[in-house]
Ligand code: ADP
Ligand code: ASP
Ligand code: MG
């Protein structure tokens, strides 16, 4: 028997009674093969968006949506409970618990409406409710199916800093709590069903790890238990050569290297949260991504980076991905030539707005600095840059700070690029043939990816035509 497995189920994998029944069957199927099983769950699909949108509208004084959202939450969760739990007492107990959580959501939203404000801390309290509901539902469904399970709030396991909405875990403090809370359950052969996405500050305020963060929760638990394997159950057959929603011909990659998955996740492949890779790799545990709705498919396995000579036999370009809704910001002026510290001040100003920069392009001269920022942040970024360079702008050392209309970052990933010349050439000629205009380029420092910035209207054409290079 193998030792410890962490299985994470994503939003669609617990999106309704049928999906949950499927997840229960998968968990039951693995139970005999592992000494310890830990389950991590996302909120039912669409729930986190509903919670956050309702709270944000409430904070703007729009209270009409609150009751409707409560009804939708009750409908979704209660109907699944009805279908999955045949015994009346268990069902009544569960719906009472779920009902209380949904009522607390309504109260939080009404409080925000009164205050006219939604603080990051309050939004985390609201957002955490999705996982707190689904974990109870899944644990009850397992119990009803004869699999001993207990819902566990990750606020009791994962200690984070106070950076609400994008909190950073304290691994050492979390390890202590995880062992304290989970070991007794595991010894009693109970399956802990842990809420993904959430943690808590040392004082106990609930935090979230960033959107899509349940994958990260599974990686943190996997690294600290430690587990032998972490399996991410989602709604596609593993990591594919492109988002199958965009490219119908996309195929599953049976194996992917550490650096390839890290680049793919960072550059927009939603299938895995980018923070998932690091703890898994550092702890040396296995990672598999597989399909709840096609469990017989082996999915994708993460493998150590093979030496360059082994990679050369493979297709060089392995996958294509895109991040939408960006703008390119450029700072330009001849007065910048040779002036030290301009870049440091520019990125200091960007950082002061809390914006992260997914791409910086290398200019051939020192006369401009160009980088991408998410579209929702660009006005704030421009203002911060104008403030920090007020003197240079006045004295015309900097001519202008400007941004493009909406663009996308399209990235081709493949570990073989490091040792294969001419890949960039192939990429450009392919885009040239399709008439896609490349606004900027950047190569990842690990040389396993090349990113191109294109107009947002050309995203799909760019991804599809570059996918033809993926053998
Ligand atoms: P979950 O709720 O299970 O976490 P997500 O919606 O977060 O699922 O991620 C899965 C989705 O990621 C897929 O449905 C797919 O549309 C998208 N996706 C984007 N790029 C890729 C890729 N390269 N391979 C597989 N899926 C991808
Ligand atoms: N429910 C959270 C979200 O939608 C976390 C996750 O699904 O991974 O962002
Ligand atoms: Mg996800």
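Select, from 23, 33, the only residue that is within 20 Å of residue 290 (Cα to Cα) and exposed (fewer than 15 other Cβ atoms within 10 Å of the Cβ).
Details: 23 fails: exposed (fewer than 15 other Cβ atoms within 10 Å of the Cβ).
Of the residues listed, the single one that is within 20 Å of residue 290 (Cα to Cα) and exposed (fewer than 15 other Cβ atoms within 10 Å of the Cβ) is 33.
Please find, within segment 254-272, the residue that is nearest to residue 360 (Cα to Cα) out of those that are outside any helix (DSSP H, G or I) and near ligand 1 (Cβ under 8 Å from one of its atoms). Outline the logic, then answer.
Applying the first criterion (outside any helix (DSSP H, G or I)) to segment 254-272 yields 254-257, 267-272.
Going one step further and asking which of them are near ligand 1 (Cβ under 8 Å from one of its atoms), we end up with 268-272.
Values: 268: 16, 269: 19, 270: 21, 271: 24, 272: 23 Å.
Within segment 254-272, the match that is nearest to residue 360 (Cα to Cα) is 268.
Among the listed residues 295, 244, identify the single one that is part of a loop (DSSP other than H, G, I, E, B), away from ligand 2 (no atom under 16 Å from the Cβ) and farther than 26 Å from residue 36 by Cβ. Break it down stepwise before answering.
On the way: 295 fails: farther than 26 Å from residue 36 by Cβ.
On inspection, the qualifying residue turns out to be 244.
Given 127, 68, which one is farther than 30 Å from residue 7 by Cα, part of a helix (DSSP H, G or I) and either without any contact (Cβ under 8 Å) to a residue 40 or more places away in the chain or within 16 Å of ligand 2 (Cβ to nearest atom) (or both)? Outline the logic, then answer.
Working: 127 fails: farther than 30 Å from residue 7 by Cα.
Unique residue meeting the criteria: 68.
Can you say whether residue 17 is touching a helix residue (DSSP H, G or I) at 6+ places or on another chain (Cβ under 7 Å) and at pLDDT 95 or above, as far as the supplied structure shows? I'd like the intermediate steps shown before the answer.
Values: touching a helix residue (DSSP H, G or I) at 6+ places or on another chain (Cβ under 7 Å): yes; at pLDDT 95 or above: yes.
So residue 17 fits the description; yes.
Need pairs with beta-carbon distance below 8 Å; first residue more than 11 Å from residue 165 (Cβ to Cβ) and modelled with pLDDT under 95 and within segment 200-215, second in a helix (DSSP H, G or I) and within 16 Å of ligand 1 (Cβ to nearest atom); sequence gap 6+ or separate chains.
none
Any idea how many residues of segment 195-227 are part of a helix (DSSP H, G or I) and within 12 Å of ligand 2 (Cβ to nearest atom)? Quick ask: steps written out before the conclusion?
Residues of segment 195-227 part of a helix (DSSP H, G or I): 214-224.
Those still in the list that are within 12 Å of ligand 2 (Cβ to nearest atom) too: 214-219.
Selection size over segment 195-227: 6.
Count, please, the residues in segment 27-48 that happen to be within 13 Å of ligand 1 (Cβ to nearest atom) and either assigned to a helix (DSSP H, G or I) or more than 21 Å from the chain's Cα centre (by Cα) (or both). Please lay out each step first, then the result.
Taking segment 27-48 first, the residues within 13 Å of ligand 1 (Cβ to nearest atom) are 40-48.
Now restrict to residues that are either assigned to a helix (DSSP H, G or I) or more than 21 Å from the chain's Cα centre (by Cα) (or both): 47-48.
So the count comes out to 2.
Pull up segment 435-459, narrow it to residues that are loosely packed, with under 14 Cβ neighbours inside 10 Å and modelled with pLDDT of 90 or more, then point me to the one that is farthest from residue 325 (Cα to Cα).
Checked segment 435-459; the qualifying residue farthest from residue 325 (Cα to Cα) is 435.
Pick from segment 354-371 the residues that are over 19 Å from the mean Cα position of the chain (by Cα) and crowded, with 16+ Cβ neighbours inside 10 Å: which of them is modelled with the highest pLDDT?
Initially, segment 354-371 is screened for residues over 19 Å from the mean Cα position of the chain (by Cα), giving 360-371.
Pick out the ones that are also crowded, with 16+ Cβ neighbours inside 10 Å and you get 361, 368-371.
On the way: 361: 84, 368: 86, 369: 89, 370: 92, 371: 95.
Per the stated criteria, the residue is 371.
Please verify whether residue 282 is closer than 27 Å to residue 36 by Cβ, within 16 Å of ligand 3 (Cβ to nearest atom), assigned to a helix (DSSP H, G or I) and touching a helix residue (DSSP H, G or I) at 6+ places or on another chain (Cβ under 9 Å), treating the condition exactly as stated.
Numbers: closer than 27 Å to residue 36 by Cβ: yes; within 16 Å of ligand 3 (Cβ to nearest atom): no; assigned to a helix (DSSP H, G or I): yes; touching a helix residue (DSSP H, G or I) at 6+ places or on another chain (Cβ under 9 Å): yes.
When the stated conditions are applied, residue 282 does not pass them.
With 384, 346 as the choices, which residue is modelled with pLDDT of 95 or more and farther than 23 Å from residue 263 by Cα?
Going through 384, 346 in turn, just one is modelled with pLDDT of 95 or more and farther than 23 Å from residue 263 by Cα: 384.
Which residues, counting only those in segment 209-243, are within 12 Å of ligand 3 (Cβ to nearest atom) and at positive phi?
Within segment 209-243, 210, 212 meet the criteria.
From 9, 105, grab the single residue that is within 16 Å of ligand 3 (Cβ to nearest atom) and either buried (at least 23 other Cβ atoms within 10 Å of the Cβ) or modelled with pLDDT under 95 (or both).
It is 9.
Is it the case that residue 189 is farther than 22 Å from residue 80 by Cβ, assigned to a loop (DSSP other than H, G, I, E, B) and free of Cβ contacts under 8 Å to residues at least 40 places away in the same chain? Explain how you work it out, then say what you get.
Numbers: farther than 22 Å from residue 80 by Cβ: yes; assigned to a loop (DSSP other than H, G, I, E, B): yes; free of Cβ contacts under 8 Å to residues at least 40 places away in the same chain: no.
Criteria not met by residue 189.
The values are calculated or read from the model by the stated rules, or taken from the named source; none is laboratory data. Computed from a prediction, not measured in an experiment: that's the story for all the values here. Neighbour counts are summed over all protein chains in view; Cβ atoms, including those assigned to glycine, are modelled from backbone coordinates with ideal geometry.
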